[in-house]
Every structure is written in structure tokens, then in C-alpha cells.
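Working notes for the structure below.
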Amino acid sequence: MKQTEAPCVSVPHRMRAGVYRGSGRVVAEDVPVPEIQQGEVLIRVAACGICGTDVKKVRHGLVQPPQILGHEIAGTIMRVGAGVDRWSIGDRIISFHHIPCGVCFFCDRQLFSQCPQYKRVGVTAGFEANGGGFAQYVRVMPWIVERGMVRIPKGVAFEEATFVEPVNTCLKAIHKARIVRDEVVFVIGQGPIGLLLTFLARDVGATVLTSDPLPFRRQMSFRFGATESVDPAAKDPAAEIRRFRGNIGADAVLLAVPDPKLVPIALNIARPGGRVLLFAQNDPLMQIEFPAASVGIEEKEILGSYSASVEWQDESAKLVFQNRALLGELISHRFPLDAISGAFEMASHPAQNSLKVVVLP
């Protein structure tokens, strides 16, 4: 299939990539640069954030090795396959890795992440398609090229643009939890995702309280819009929210920590008739227990939100590009591709001052 290549810029036959080899190991290796086909593009990856889902897959062996992970991708188009008219060599873009078909039973009900096509990963650096952003080049498949890439404006750095996908997932969660102006929201966990949820809840006009055991993250919470932030080792978050609100709990609680023991705590923070959204509870092996009366008598809702939504693609990009300086403050550590093992170690075991870890291939 005929391809075009960037003028004066050669694309090598082999590249460096961080390959998951099982037993919690991600190692830098030489692998072939993927070949594109009709309707596809090849992206030179400039930056890719490490997501909590990447960490779970590696630490708990949730995927079969070998794999090249990484889906918070920003880079430059280097090759364009036949039939691609919307994009050109040299375009700076971010790419999602899932896009729904738009016509099936689930898409009709805006349950895009349950669409069979959505479950097919459309970006790869080799092996089984699984994002591939922890590599120097990725191949983007036709359905992603058509509807799943967003142009990066001038003045926006690649590493800032990597937040479009995670902001989309958080914006979807905010709407799934039905958060509106003047509500009181509690966000448990102020890592990168928790801080994004805090920022977006505040952006819609809610009053936001948060909790996190790390002082640095509690301090960052105020930067991203929190009114109060609680150390859960020193104070009871449920008691604090009731003190703040005249003995009434939070309208909505967003749980951004993958710990099943926090679900009953989140339910206790919520008021009767309130909502608890589980953002981080997506491990297929996890089991959760909670008091049945919280739902059966107090009428609290437990909601789930998974992955991004094409419905919020443009809005999430706009939010990131307009707030790029603030979101850039979330990046605490940057690693070259050859140090991918250290990057995963940092992302898996957050230090006192660590937040978002970004790989720069």
C-alpha cells in the first residue's frame, strides 16, 4: 500500500519501546516500526502519560505479555496511508485508542464504552494492539483516524496535550455522577485523576472537599479548586463533611483510589439519596462489600464510569488547551523511554511529591 513520508525526515525500520514482559516488568527493547495500511497513519510519539490502568495491568498481570502499553498519546504524523484526506504529515495530534461505531444498541443509548467496536483497541506499536504509546512510533487504525484524533493548537506542548484522554474520562465521570452547580462533592484521593475530578467538579460550580494521606497532594487539592482537604489518618472524612454542611453528607462522592475498603467509607460520606461514583474500581478480580442498608434504606446510588466518551471529545480537548498551564503542574516526573522501568516504579509507588509520570520517547 502506498504511503507518504515526511519530507527530509526519515522513519527508521526499528525503534525503542517499553515492552511488558510479565512478572511486573516493563523493559526497553528494540522492535520493528509498525507498517501502516490504507486509511491509517503513523505517529512519532512525543509524550505519553502513564495511567493508573497501565500500572494495574503490569502489577497484576491483567494482560498477556508481550505488550506495548500507553494510551495518553501526543505526537506528530509521519506517514499517511492511502485514502486519508483529513490529516497530513507534520500535523501535531493527540490520539484516543478507543472509538465506538456509533450505530449499535449501546451507542444508541450513549453507552459508548460497551460498544463492541469500542472494545477493539485501534492504536498499536506492535504485538497485540494495546495503545502502544510507550514506543517511538504508533500505528493508528482507520476508525481512530476518522473520529479519534484531535489537532494540538500552536503553543500547547505535547506533554500538556496528553491530558486530553484522562480529562475526557474524568469529564464523563462528572456527568455520570450528575454533578451540577451548588452541590457539595467529596473526592477521595488526590492523585492525578482525583485532582482532575476536583478541578472538573469545581468547574461546573460545585463546592468540593477532598481527602488524601499525602500532605503534598492535599496542598495541590486547593490549587485545583478544593475548599477543604482532609487527612483521613487524622480526621474522619464523614464527620468533616457533616460539620461543613450542617450534619448533611455530600451530594456526590467520587472515589479515585483503587481500594475496595474505601467503598463503604464513600457511602458513609454521602448523604441519604446521594451518589457514589466508583472511578478506580475497574479491576476484574476485585470484590467489594458494603452495608446493604446504604442502598436499600438510605437510597444511595452506586455508579460506575469507565474510559472516555466520544461525546466529550471536543469539550475535553478545549478544557485541556485552555487550562494547559494548570494541568501541566500535575506532571511531577518525566522519563526517557530507556528508563521506562523506573517510570513504572515511580507510578506504582508514589512518593511524597509525585503526581503524573510522563514518558518522553
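The values are calculated or read from the model by the stated rules, or taken from the named source; none is laboratory data. Quick caveat: nothing in here was measured; it's all calculated off a predicted structure. All Cβ positions, glycine included, derive from the backbone under ideal geometry; neighbour counts span all protein chains shown. For accessibility, only protein heavy atoms count, side chains too; no ligands or nucleic acids. Shrake-Rupley method; radii C 1.70, N 1.55, O 1.52, S 1.80 Å.
Observations, loosely collected:
- Residues that are among the aliphatic types (A, V, I, L, M), in a helix (DSSP H, G or I) and open to solvent by 30 Å² or more (accessible area, probe 1.4 Å), drawn from the stretch 234-274: 239, 262, 265
- Sole exception among (1) open to solvent by 40 Å² or more (accessible area, probe 1.4 Å); (2) on the phi > 0 side of the Ramachandran plot for residue 39, by number: (1)
- Any hit, the stretch 216-223, residues being within 22 Å of residue 335 (Cα to Cα), modelled with pLDDT of 95 or more and either more than 20 Å from the chain's Cα centre (by Cα) or of a type in the set (Lys, Arg) (or both): yes
- Pick from the stretch 330-354, criterion touching a Leu at 6+ places or on another chain (Cβ under 7 Å) and among the polar types (S, T, N, Q), ranking: least open to solvent (accessible area, probe 1.4 Å): 332
- Screening residue 255 on (1) within 19 Å of the chain's Cα centre (by Cα); (2) over 29 Å from residue 72 (Cα atoms); (3) not charged (D, E, K, R) shows it passes everything except condition (2).
- Residue within the stretch 133-156 that is without any contact (Cβ under 8 Å) to a residue 40 or more places away in the chain, open to solvent by 40 Å² or more (accessible area, probe 1.4 Å) and out of contact with any Lys or Arg (no Cβ under 9 Å at 6 or more places or on another chain) present: no
- The set of residues in the stretch 68-92 that are farther than 11 Å from residue 42 by Cα, crowded, with 23+ Cβ neighbours inside 10 Å and of a type in the set (A, V, I, L, M) comprises 68, 69, 73, 74.
- When residues of the stretch 293-308 are limited to those that are out of contact with any Leu (no Cβ under 8 Å at 6 or more places or on another chain), more than 30 Å from residue 28 (Cβ to Cβ) and small (Gly, Ala, Ser), the one most open to solvent (accessible area, probe 1.4 Å): 296
Table: residues versus (1) in contact with an Asp or Glu (Cβ under 7 Å, 6 or more places away or on another chain); (2) at pLDDT 95 or above.
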{"site": "4", "(1), (2)": "no, no"}
{"site": "19", "(1), (2)": "yes, yes"}
{"site": "37", "(1), (2)": "no, yes"}
{"site": "56", "(1), (2)": "yes, no"}
{"site": "59", "(1), (2)": "no, no"}
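- Within the stretch 93-106, considering residues that are touching a Pro at 6+ places or on another chain (Cβ under 8 Å) and more than 14 Å from residue 141 (Cα to Cα), the one least open to solvent (accessible area, probe 1.4 Å): 104
- Verdict on residue 327 being buried (at least 16 other Cβ atoms within 10 Å of the Cβ), more than 23 Å from residue 93 (Cβ to Cβ), at pLDDT 95 or above and not β-branched (Val, Ile, Thr): no
- Total residues in the stretch 9-36, condition more than 30 Å from residue 83 (Cα to Cα), among the small types (Gly, Ala, Ser) and open to solvent by less than 10 Å² (accessible area, probe 1.4 Å): 2
- Within the stretch 25-92, strands (runs of 3 or more DSSP E) holding 2 or more residues that are among the hydrophobic types (A, V, I, L, M, F, W, C), closer than 15 Å to residue 139 by Cα and touching a residue at least 24 places away in the same chain (Cβ under 8 Å): 41-49, 72-81
- Residue count for the stretch 275-320 under the criterion of being part of a loop (DSSP other than H, G, I, E, B), in contact (Cβ under 8 Å) with a residue 12 or more places away in the chain and either of a type in the set (A, V, I, L, M) or at positive phi (or both): the result is 7.
- Unique residue being under 20 Å from residue 49 (Cα atoms), in contact with a helix residue (DSSP H, G or I) (Cβ under 8 Å, 6 or more places away or on another chain) and part of a strand (DSSP E or B) when the list is 167, 138, 150, 185: 150
- Some residue of the stretch 336-346 being in contact with a strand residue (DSSP E or B) (Cβ under 8 Å, 6 or more places away or on another chain), at pLDDT 95 or above, more than 21 Å from residue 159 (Cβ to Cβ) and among the charged types (D, E, K, R): no
- Residues of the stretch 208-265 that turn out to be over 23 Å from residue 352 (Cβ atoms) and acidic (Asp, Glu), as a count: 2
- Considering 202, 178, the condition of being part of a helix (DSSP H, G or I) and open to solvent by 10 Å² or more (accessible area, probe 1.4 Å) is satisfied by 202 alone.
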